[in-house]
Amino acid sequence: MSVKLNEGEKKELAWWCRHHKENVAYLCQRFGQIIAAMDEGNEEKVEMYKSMMKAQLPAFIESATR
């Protein structure tokens, strides 16, 4: 996947850098929670986190590819 900066990102590099870093940190936290729930065999939590991610991923993808 090729990632390019748009003009808005180029004009406000620090803001967009923080934005994307915060998104990566959030996604890593959620993936960690899903993995922990799987390791614990807690299907209720797995489904909860999976549902959250299904709802949120389109916005993360849109933010990273516009």
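The values are calculated or read from the model by the stated rules, or taken from the named source; none is laboratory data. Not measured: the values here are computed from a predicted model. For neighbour counting, all protein chains shown are included, and Cβ atoms are generated from backbone atoms with ideal geometry for every residue, glycine included. Heads up: the accessible areas ignore ligands, DNA and RNA and are worked out on the full protein's heavy atoms, side chains in. Shrake-Rupley method; radii C 1.70, N 1.55, O 1.52, S 1.80 Å.
Key figures
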item: Of all residues making up segment 29-49, the number that are surrounded by 12 or more Cβ atoms within 10 Å (Cβ to Cβ) and of a type in the set (D, E, K, R); result: 3
item: Filtered residue count, segment 2-23, keeping only those that are under 15 Å from residue 60 (Cα atoms), open to solvent by 100 Å² or more (accessible area, probe 1.4 Å) and modelled with pLDDT under 90; result: 1
item: Filtered residues of segment 36-59 (kept if hydrophobic (A, V, I, L, M, F, W, C) and either within 12 Å of the chain's Cα centre (by Cα) or more than 17 Å from residue 25 (Cα to Cα) (or both)); result: 37, 38, 46, 48, 52, 53, 55, 57, 59
